[in-house]
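The values are calculated or read from the model by the stated rules, or taken from the named source; none is laboratory data. A quick note: this is a predicted structure, and the numbers were derived from the prediction, not measured. Ideal geometry is used to build each Cβ from the backbone, glycine not excepted, and the neighbour counts take in all protein chains shown. Please note that ligands, DNA and RNA were not included when accessible areas were found on the heavy atoms of the full protein model with its side chains. Shrake-Rupley method; radii C 1.70, N 1.55, O 1.52, S 1.80 Å.
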Amino acid sequence: MAAPRPEPKRQDTHPALHPSITSVPVTPGVHTEGHSAYFSNDSSAGEEQDDHQPDPDATPGPAWNANSYFAPKEEEEREHRRKSRAPSKGDAGDHNGEDLLKRLSLANESGQNVDPRVAHPGLNLSGGLISATFCVPYNVKFAPGNEWELGSRRGTSALFDSFSYLASSSSPWNHTLVGWTGEMEYAPGSVPISEITNAPEHPAPLNRASAPIPVNPNVKQPQPTHNEGMRVTPEDRVRLEKQLERDHGGKIVPVWLTDEKDEENDTYIIKDQPRWRRFADKELYTLFHYKTNEPADGRAARKSWADYYRMNKLFADRIIEIYKPGDVVLIHDYYLMLLPSLLRQRLPNVYIGFFLHIPFPSSEFYRCLSRRKEILEGVLGANMIGFQSYSYSRHFASCCTRILGFDSSSAGVDAYGAHVAIDVFPIGINVASTAQAAFKDPAVDDKIMKIRELYKGKKIIVGRDRLDAVRGVGQKLQAFEIFLERYPQWEKNVVLIQITSPGNAGDEGADDKYVNKISDLVSKINGDYGSLSFTPVQHYPQYLSKEEYFALLRIADVGLITSVRDGMNTTSLEYVICQKDNHSPLILSEFSGTAGSLGGAIHVNPWDLGGVADAINQALTTMSDDKEIQHEKLYNHVVTNNIHSWTNNYLRRLLTNLSSFDQTNATPALDKAKLLLQYRRAKRRLFMFDYDGTLTPIVKDPQSAIPSDRVIRTLKTLAADPSNSVWIISGRDQAFLEEWMGHITELGLSAEHGCFMRHPRSEDWENLADATDMSWQNDVMEVFNYYSERTQGSFIERKKVALTWHYRRADPEYGAFQARACQKHLDSTVAKKYDVEVMTGKANLEVRPRFVNKGEIAKKLVKAYGDQPPEFVLCLGDDFTDEDMFRSLRSSKLPIDHVYSVTVGASSKQTLASWHLLEPSDVISCISLLNGSADAGNVGAVAVVEGTVPESRL
């Protein structure tokens, strides 16, 4: 018998999770093939896992663990490796299994193997598909100078099956998987002496919130962070990349997240590995599941945000290294929510799909997130965003409208000059592999027999959840207690087998309280309704072996899932497959992501404990015919909507959206890291800012749009740098700019769209329209007066050169209607008679000489540098009049990397600008970043440029 691994000593282990408790088997005495039911056996590097391919003739793809909660045995791995090379003839004699696998085969699915390049010729696809996920599907162990050791990684089994399919010959795509190596540890016997010497006495706890990758308490935990850190040489990195590609059938490209770099030797130094998870786990995962953190000073959150931004930036760098024009990039889950925008900033025409595997909260809850705007902006860099259920997609669209101001509908969001599609794709499981494991393994039948013997004459309710408050284990136990109280006939006739796999470490205090609560509930129920010969609740806080897991799902009389907030609960899908013979009912929380798909289940509100208790009784008393009808509906859905179907449907919908919507006019969010880097490199810098809607918000009364103290201080600091030439180019008149900006002598001012200029350190204004015939103003005033009299709330602003009719105070719809009529009137009369143009602005119409515009001023300012042009140009504006500046800069001969033309505003407008910012507060934040006083939202850009975040920035 293989000896189990010794349990690592943990000072912070809760008594209820002690090995003496978690190592008790669910089926005592049944240990097939000489293995313990609960101690995982590491697979040797290079051996493939049991991953049944839907197409028997297909080349096996990457082989990783196909189930989140248990690891395959070595014998199974070797057997699968043998079968993948020479299919067993004995399988043909297994009537039930073979018939089932034939039914589940997807080889003949319509459209599955159609070459996407043929189906969508207008997209110029390369046939390449890059999937980005947080971690590669392996636990990586480092042996300096030697082969890396690769073991199975738990978590997101359905997603791993999707990658396996995409890398197989069943898929028409040339697939590449990009992911972080995960928290690495040294291989046995490979730890340097210096590392052992510097190891801390007590290891830091892992983060429990980092689902869906749980921690097995029976397997040696990742090693503590050491002062010196792991030193990964270029040779080591190349060796791992070759191993991943050579041994596992599909190309996997690792992302290296490092703390330091030895530039001389090109060696990566890895120390604090859990840092890359902290923001996603502590902030995003927590809030997306409708939980909040305890108040803190925010320093830790800002530091973790900087790490999150930097991590996404490193993913973007890695993808760009391997990207080819025409490739499609699929990005998965909440760890990489900034990645779509970071890729869009550098590859404007890239095809990007994003899929969120966890819930998305309502706008009232999401707005509590400190970095709420940045996360939404990051995701909106994708062409299509997928969710598990309709409610999640609706919440996302609502957040984009309420927080960012973008127009949205159930079909998508209009953002940055493009349409971002939103759709729902409930994920499935690898049905064939699940059926193979559940029905073709004799060990499962042996365990079923033992469980039946152990609970003879009893109805069995099965629950399997993580040790996490959002999984609803507490509600389940309380409902079961009410069930026993309301229906005394079931006392001593029903048993609840609850498997609670340990969660990942996070807030230790909060999790300890939850563990205590679960233990107390179990003890109370067993004390009130149990006896010396019978225990109604069998609670096992542990991982299961694969055999026991499927045995429980097959033998259960009721499957009970009461999660209070969940993405896609694959246990419910596996339960349906395992019940193909018994047809036992499934009780499913309405808050689970699968609830919308599994209409044949009994839906419950886990907070309604009495309702859950009644549902348990209903499930136990349902007639056989009714159970069969309900199960047939569930079974057909799960078989049809499996992981391969999900993968193909998502890609098909993405390509359809790409073909339907023109994405060429999209304007990405401003890349602040790139902006900061170029700013620091440049010696000659030119800034051109519009005023209304750019430096200050648009207000109903133009005279109320006065600059805040922060705006004044930020501009003054920027202009004080002798390398900077800062200009305000506005439609405002001289008097207004002089009153509010004139005291900053270092500023250059341009009034009335370029009619007047005041150079820095000068008090004199230059009139560029001095020789212009202004007789046209009388005709314009006559027209403006006509419409002012008929539009309540409108008024006329008379400047020295231009005339403006404002309707901000009028009824929005009627004002816009009158403006269109006024513009048509002016175009057919005054504009034909004089050399003037009619300009539409934010709730206004302006008439000015045609030769005067902001573009001419921009051209003049660039030309003033002579033979030494500016090395950095930042131009910001929000409306139609600012497009002249963007057009002028585009036609200049300045290097494209030196020019940053940025449109400001939430509207999804077509623009000549290269970048986008949402609102004036973002403009001031961006200028502050260049001044060296970055706020919390910009620490990520600082981390990318400087490699770390100085304490002063936190």
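Go through L369, L376 for me and flag whichever is farther than 18 Å from V255 by Cβ, open to solvent by less than 10 Å² (accessible area, probe 1.4 Å), of a type in the set (A, V, I, L, M) and not in a helix (DSSP H, G or I).
One residue alone meets the criteria, L369.
Taken together, the criteria place R402 among residues that are among the basic types (K, R) and in the same structural domain as N349 (by the TED database). For region 432-444, state whether one or more residues are of a type in the set (A, V, I, L, M), modelled with pLDDT under 95 and touching a strand residue (DSSP E or B) at 6+ places or on another chain (Cβ under 8 Å). No, because not a single residue in region 432-444 is of a type in the set (A, V, I, L, M), modelled with pLDDT under 95 and touching a strand residue (DSSP E or B) at 6+ places or on another chain (Cβ under 8 Å).
Checking each residue of region 563-586 against the condition of being surrounded by fewer than 21 Cβ atoms within 10 Å (Cβ to Cβ), assigned to a helix (DSSP H, G or I) and among the basic types (K, R) gives no match.
Number of residues in region 455-482 that are among the aromatic types (F, W, Y) and either without any contact (Cβ under 8 Å) to a residue 24 or more places away in the chain or crowded, with 24+ Cβ neighbours inside 10 Å (or both) equals 1.
Those strands (runs of 3 or more DSSP E) of region 752-808 in which 2 or more residues are in contact with an Asp or Glu (Cβ under 9 Å, 6 or more places away or on another chain), assigned by the TED database to the domain that holds A735 and under 23 Å from V726 (Cβ atoms) occupy 756-758. Of the residues making up region 641-683, those that are open to solvent by 30 Å² or more (accessible area, probe 1.4 Å) and over 27 Å from the mean Cα position of the chain (by Cα) are R680, R681, K683. Filtering region 119-141 to residues that are modelled with pLDDT of 90 or more, in contact with a Lys or Arg (Cβ under 7 Å, 6 or more places away or on another chain) and in a strand (DSSP E or B) leaves G128, C135. Summed over region 918-948, the residues that are under 24 Å from the mean Cα position of the chain (by Cα), buried (at least 20 other Cβ atoms within 10 Å of the Cβ) and not in a helix (DSSP H, G or I) give a count of 1.
Matching residues to (1) modelled with pLDDT of 90 or more; (2) open to solvent by 40 Å² or more (accessible area, probe 1.4 Å); (3) in contact with a Ser or Thr (Cβ under 9 Å, 6 or more places away or on another chain); (4) not aromatic (F, W, Y):
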residue: R808; (1), (2), (3), (4): no, no, yes, yes
residue: P812; (1), (2), (3), (4): no, yes, no, yes
residue: D827; (1), (2), (3), (4): yes, yes, no, yes
residue: A843; (1), (2), (3), (4): no, no, no, yes
residue: V847; (1), (2), (3), (4): yes, no, yes, yes
residue: I857; (1), (2), (3), (4): yes, no, yes, yes
residue: L861; (1), (2), (3), (4): yes, no, yes, yes
residue: Y865; (1), (2), (3), (4): yes, yes, yes, no
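Can you confirm whether S660 is out of contact with any helix residue (DSSP H, G or I) (no Cβ under 8 Å at 6 or more places or on another chain) and of a type outside the set (A, V, I, L, M, F, W, C)? For S660, the condition - out of contact with any helix residue (DSSP H, G or I) (no Cβ under 8 Å at 6 or more places or on another chain) and of a type outside the set (A, V, I, L, M, F, W, C) - is met.
Close Cβ contacts (under 6 Å, 6 or more residues apart or on different chains) running from residues in region 755-784 that are over 15 Å from D827 (Cα atoms) and open to solvent by less than 80 Å² (accessible area, probe 1.4 Å) to residues that are assigned to a helix (DSSP H, G or I) and not aromatic (F, W, Y) comprise F756/Q734; W765/Q734. The set of residues from region 601-611 being farther than 17 Å from P488 by Cβ, open to solvent by less than 20 Å² (accessible area, probe 1.4 Å) and not aliphatic (A, V, I, L, M) comprises just one member, P606.
Evaluated against (1) open to solvent by less than 30 Å² (accessible area, probe 1.4 Å); (2) touching a residue at least 40 places away in the same chain (Cβ under 8 Å); (3) outside any loop (DSSP other than H, G, I, E, B), D614 falls short on exactly one condition, (1).
Filtering region 694-712 to residues that are open to solvent by 10 Å² or more (accessible area, probe 1.4 Å) and assigned to a loop (DSSP other than H, G, I, E, B) leaves P697, I698, V699, K700, D701, I706, P707, S708.
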